[in-house]
Amino acid sequence: MSERVEIRFPHKTVEVPVFVGTEGEKAIDVSNLRAESGYITLDPGFVNTGSCASDITFIDGEKGILRYRGIPIEVLAGKSTFLETAFLLIYGHLPTITELAEFTNRIRRHTMLHEDIKAFFSGFPRDAHPMAILSSVVCSLSTFYQNENRPENELMELNTVRLLAKLPTIAAYSYKKSIGQPFVYPDNSREYCENFLHMMFSVPSEEYHVDPDHIDALNLLLILHADHEQNCSTSTVRLVRSSMGNLFACIAAGICALWGPRHGGANQEVIEMLEHMRAEGGNVKKYIELAKDKNSKFRLMGFGHRVYKNFDPRAKIIKGACDKLLNKLKRHDPLLDLAKELEEAALQDAYFVDKKLYPNVDFYSGIIYKAMGIPVPAFTVMFALGRLPGWLAHAREYTHDPKNKIGRPRQIYTGEMQRDYIPIEKRG
Ligand code: ACO
């Protein structure tokens, strides 16, 4: 018989079932608790609440383990490509040669944007944040693809491909807009990452050679960002999907959730923090003390994680990749030295040790993006490009779950109890 636990209330004891995952994680299923006891659970920030069961990604935050569909992140980082990893996340298995070729070709056929979308870019101010542009243009795709008379499953497939194909084009156009250069059309003879870098950095008037080391580094970073189970942006995507929102709206919402500095926006903040530190003379100790001072509101950006209480395996891989890329490019970045010094100091400090605060995925990624020439405000856009397959996989998993329900948390009301309406002339 499956495990059950008893929850004792003042007036009665309720038995609830225990849900066990394939890796042995356990959850008490409280879905009937209110009906049986009158109580709900209260967990601000969902610190201890599972919002769903999912087959996509496994994390063991205590051991620093991350697996996509059962495959360790270290293996995918060493052997896979971004599109292969995207296929794995979305369809649940590694593709055959034919499946990958078909998937890649379908994406190739959808890289262009409708010409009218260009007008949207003209409307944004030159200094608009690229995440604002990205989310707006992605949402606006739903105005170009509406009322399509196709079966639901076919539409889901098509929109999955459209989003994977068009997000790099939108991202590159937003950069070109910010520097006043002409948009560069996608070149479908190039592979995914190369095509993106070509759209970012080439100009129509000259030949441009995309550095293969940059392509490799981008592939790696996108793989490492591709999914991370129920993080803030993915939960947002699932929640919007739960109202049966269209896929473009779901992904636009995910992009907005990713933007904030506590989540994906941290990669921009890390570099800005390191640059600030360097300009002030690189006083690592001062920043460590500031991060510990509860009155300062300052946090060491790129440090800490809700789930990892050990090294973030992605941060370890990215740190190694940083060294490799800068060595290959024969470039020295003093920010990398500073970041390493900061990491070392934090990891020896009792505050960070006791709270189990380690560098997260955002701590070193910006240094690679910087070496590739990606402008700092676009760092979180790069994160979004990587996270897209994860968002899509979760939106699809939610949709295909026959027991899915609209996401609608409860609350405990703490405001005024019922009171009288006082006419305005009688209010003191
Ligand atoms: N610097 C200093 N102190 C920190 C930091 C940090 N970066 N992160 C957490 N702490 C402290 C908190 O002050 C808190 O201390 P307290 O217990 O004395 O109050 C304790 O560690 C626990 O922190 P919480 O904020 O409660 O942890 P939570 O799981 O809610 O937040 C988060 C996780 C948002 C990532 C947090 O660590 C943070 O703000 N980090 C900096 C921003 C960042 O790098 N975000 C990217 C995360 S990875 C990603 O989303 C892609």
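The values are calculated or read from the model by the stated rules, or taken from the named source; none is laboratory data. Quick caveat: nothing in here was measured; it's all calculated off a predicted structure. Note: ideal-geometry Cβ built from the backbone for every residue, glycine included; neighbour counts use all protein chains shown. The accessibility values were calculated without ligands, DNA or RNA, using every heavy atom of the protein model including side chains. Shrake-Rupley method; radii C 1.70, N 1.55, O 1.52, S 1.80 Å.
Values computed for the structure shown
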read-out	value
Qualifying residue in segment 284-303 (condition: in contact with a strand residue (DSSP E or B) (Cβ under 8 Å, 6 or more places away or on another chain), closer than 25 Å to residue 57 by Cα and within 12 Å of the ligand (Cβ to nearest atom))	yes
Any hit, segment 210-218, residues being closer than 22 Å to residue 130 by Cα and without any contact (Cβ under 8 Å) to a residue 40 or more places away in the chain	yes
Residue count, segment 329-354 (criterion: farther than 18 Å from residue 366 by Cβ and away from the ligand (no atom under 12 Å from the Cβ))	6
Residue, nearest to residue 55 (Cα to Cα), within segment 1-18, restricted to residues that are open to solvent by 100 Å² or more (accessible area, probe 1.4 Å) and outside any strand (DSSP E or B)	1
Count of segment 231-246 residues which are under 16 Å from the mean Cα position of the chain (by Cα) and open to solvent by less than 30 Å² (accessible area, probe 1.4 Å)	5
Residue 385 open to solvent by less than 40 Å² (accessible area, probe 1.4 Å) and either closer than 27 Å to residue 247 by Cα or at pLDDT 95 or above (or both)	yes
Any pair with Cβ under 7 angstrom, 6 or more apart, that starts in segment 297-317 at a residue that is without any contact (Cβ under 8 Å) to a residue 60 or more places away in the chain and of a type in the set (A, V, I, L, M, F, W, C) and ends at one that is open to solvent by less than 50 Å² (accessible area, probe 1.4 Å) and near the ligand (Cβ under 10 Å from one of its atoms)	298/291; 300/287; 300/291; 300/346; 315/359; 315/360; 315/361; 315/363
Lone qualifier among 271, 223 - being within 16 Å of the ligand (Cβ to nearest atom), in the same structural domain as residue 344 (by TED's automatic domain parsing), buried (at least 20 other Cβ atoms within 10 Å of the Cβ) and modelled with pLDDT of 95 or more	271
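Listed here are the residues, each with its yes/no results for (1) at pLDDT 95 or above; (2) surrounded by 13 or more Cβ atoms within 10 Å (Cβ to Cβ).
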{"site": "88", "(1), (2)": "yes, yes"}
{"site": "94", "(1), (2)": "yes, yes"}
{"site": "98", "(1), (2)": "yes, no"}
{"site": "101", "(1), (2)": "yes, no"}
{"site": "108", "(1), (2)": "yes, yes"}
{"site": "112", "(1), (2)": "yes, yes"}
{"site": "116", "(1), (2)": "yes, no"}
{"site": "126", "(1), (2)": "no, no"}
{"site": "142", "(1), (2)": "yes, yes"}
